[in-house]
Amino acid sequence: MSSYGLHRVAEPVGVLPQQAQRLDTSPEPGPDEVVVDVECLNLDAASFRQLREQYGDGDAIRNAVLDIVRTRGKMHNPVTGSGGMLLGAVRAVGPQSPLGLKPGDRIATLVSLTLTPLLITDDLVKWDGTSEQVPCEGTAILFGRSIAAVLPGDIPERLALSVLDVCGAPALTDRVVRRRSAPSVLVLGGGGKSGSLSLAAARRAGAGKLIALVPSEGEAKSVREVGLADSVVIADARDPVAVAEGVGDQVDVTIVCVDVPGCEHGAILATADGGTIVFFSMATSFAAAALGAEGLAADVEMIIGNGYVPGHAAFALDLLRTEPGVRQLFEARERQTSGA
C-alpha cells in the first residue's frame, strides 16, 4: 500500500496517480485511505473554459465530463491537463490514515481531481453544465499524502469551496511579496477568484503599489468599487504590447491568474529585470514562458505556483473573513453563477 496512491493506478503501472491514464475507483478504503461521499466538484477555471469553448452546449459539456471521469477514473481534462477539487462528507477512514479526518466530517479536498480516484453514480443529473461547480453523487478516495480541509461553520459551503479551490495563490503571493520592501505588484486577472485573493494578500504583505489587469470595463468597475487595487488596467492579457503599454512602468512582482493560454509574454514585458513572475494559471506554457524570457533578454525569476503552501487554506479563508472587498467579489460571483 502506497501513501502516494500507486496501488490505485490501473494503467500504466508504475506512474503516480496524476500521470495515470486510469485509476481504480473502488470505494473500499485501504489502510491509510479516506472514502468521501462526493456532493460537488469544482472544476478549475482553465478546464471549464476549455470545455465550454469546445462543446458550448450545457448537455454536451456534462456528457464530456462524464466521459472523462468514466474513462479515466478521475476528472483529468486531457486538453488542459487540469481538474479541480471537490466537496463532500467523509464516509470511511482507514485505520492508518494520517489525515486526522473522521466519518461525517464535511471537507473540501486540497489536492487536484487529476490524481483523485472518482466514481460518479448519478450521471450528473443535477448539473446543467453551465457553471464550474458541479453538484453530483459519487465517491472519491484520498491517500495518505493527500490534503483536505474541514469546512468552516461560519462560511457558506459553496463559498468556502470557491475560496479553497484557489487557496494556494494568495499564500504564495504573500511569501513572494514579503521577500521585498514595498514592491510594486501586478495581478493579471485581478478580478477573478485567485486574482482578487492575491491582490488582498499582496496588500497585507506590504506591497507598495497594486495594479490589477482585467479584460473588461465591468470587471474593472467591480475591482475599483471594492478597493482591492491602487489602479486598474483594462487589457487583453494575451496581448503583450497592450499589457506593457497599459501597465507603464515595469513592476517588481507579477502574479498571473488568467485562465486562458498565451499570457506569458505580457507578464514578462511588464516585469522589471530582477523581478519575479508567479504563474498560477493551469493554462501556462512552460516553453512559452522560458523561451519568451530568453528571447526578450529578461532577467526575471519565474515561479510555478503548485497550489500548496503550508497553512494556505486557513490563510485564504481568513482573507475572505477579514477583507470585505474580497468577500463582496466572491459573493457577487456566486450570485451570478447561481442565477440569483
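Throughout, read-outs are computed from the coordinates displayed, never taken from laboratory work. What you are looking at is a predicted structure, and each value in this text was computed from that prediction instead of being measured. Cβ coordinates were reconstructed from backbone atoms using ideal geometry, including for glycine residues, and neighbour counts include every protein chain displayed.
With springs only between Cα atoms under 10 Å, which of PRO170, PRO95, PRO240 fluctuates most in a Gaussian network model of the chain?
Result: PRO95 has the largest fluctuation of those listed.
Please report the net charge: other residues with Cβ closer than 11 Å to the Cβ of LYS209, K and R +1, D and E -1.
Taking every other residue near LYS209 into account, the sum is -2.
Give me SER231, SER184 ranked fewest to most by other Cβ atoms within 10 Å of their Cβ, as a rough exposure proxy.
Placing the least packed residue first, the sequence is SER231, SER184.
Given N residues in the stretch 254-340, what is Rg(Cα) / (2.2 N^0.38 Å)?
Here the Cα radius of gyration is 1.34 times the empirical estimate.
What is the pair-distance distribution P(r) of the stretch 106-170, computed from all Cα-Cα distances in 5 Å bins starting at 0, with each bin given as a whole percent?
With a bin width of 5 Å, the distribution comes to 4, 14, 22, 26, 23, 9, 2.
How large is the convex hull of the C-alpha atoms of the stretch 157-297 per residue, in Å³?
100
Within 12 Å, Cβ to Cβ, of ALA108, how many net charges do the neighbouring residues add up to if Lys/Arg are +1 and Asp/Glu are -1?
-2
Once you compute Rg and the Kirkwood Rh from C-alpha atoms, what is the Rg to Rh ratio for the stretch 6-151?
0.95
Hey, any idea what the orientation-averaged projected area of the convex hull of the stretch 55-139's Cα atoms comes to, in nm²?
Average projection, Cα convex hull of the stretch 55-139: 6.0 nm².
Nearest 20 debye, what's the magnitude of the dipole of the stretch 6-151 about its Cα centre given +1 on Lys and Arg Cβ and -1 on Asp and Glu Cβ?
320
Roughly how many Å is it from the Cα centre of the stretch 68-128 to that of the stretch 30-48, as a whole number?
The stretch 68-128 and the stretch 30-48 have Cα centres separated by 2 Å.
Pick from ASP249, ASP105, ASP154: which residue has the top mean-square fluctuation in a GNM of the chain where Cα pairs under 10 Å get a spring?
Among ASP249, ASP105, ASP154, the largest GNM mean-square fluctuation belongs to ASP154.
Membrane-span-like helices in the chain: DSSP H runs reaching 30 Å or more (Cα, own axis), mean Kyte hydropathy at least -0.5?
The qualifying helices: there are none.
Quick one: MET85, MET302, fewest Cβ neighbours within 10 Å first, how do they rank?
Neighbour counts put them in this order, fewest first: MET302, MET85.
Can you compute 3J(HN,Hα) from phi for each residue in the stretch 263-275, using the Karplus curve 6.51 cos²θ - 1.76 cosθ + 1.60 with θ = phi - 60°, rounded to whole Hz and x for Gly and Pro?
Rounded to whole hertz, the list is 9, 5, 6, x, 4, 5, 5, 7, 10, 6, 4, x, x.
For the chain, set up a GNM with springs between Cα atoms under 10 Å and report which of SER181, SER82, SER281 has the largest fluctuation.
SER181
If we count every other residue with Cβ under 15 angstrom of ARG22's Cβ, Lys/Arg +1 and Asp/Glu -1, where does the sum land?
After counting each charged neighbour, the total is +1.
Under a 5 Å amide H to amide H cut-off, with H placed in plane at 1.01 Å, what residues pair with LYS209 once short-range neighbours are removed?
SER184, VAL185
For the stretch 98-137, what is the per residue volume of the convex hull drawn over the alpha-carbon atoms, in cubic angstrom?
Here the figure is 116 Å³ per residue.
What percentage of all Cα-Cα pairs in the chain are separated by more than 24 Å?
Cα-Cα pairs of the chain separated by over 24 Å account for 55 percent.
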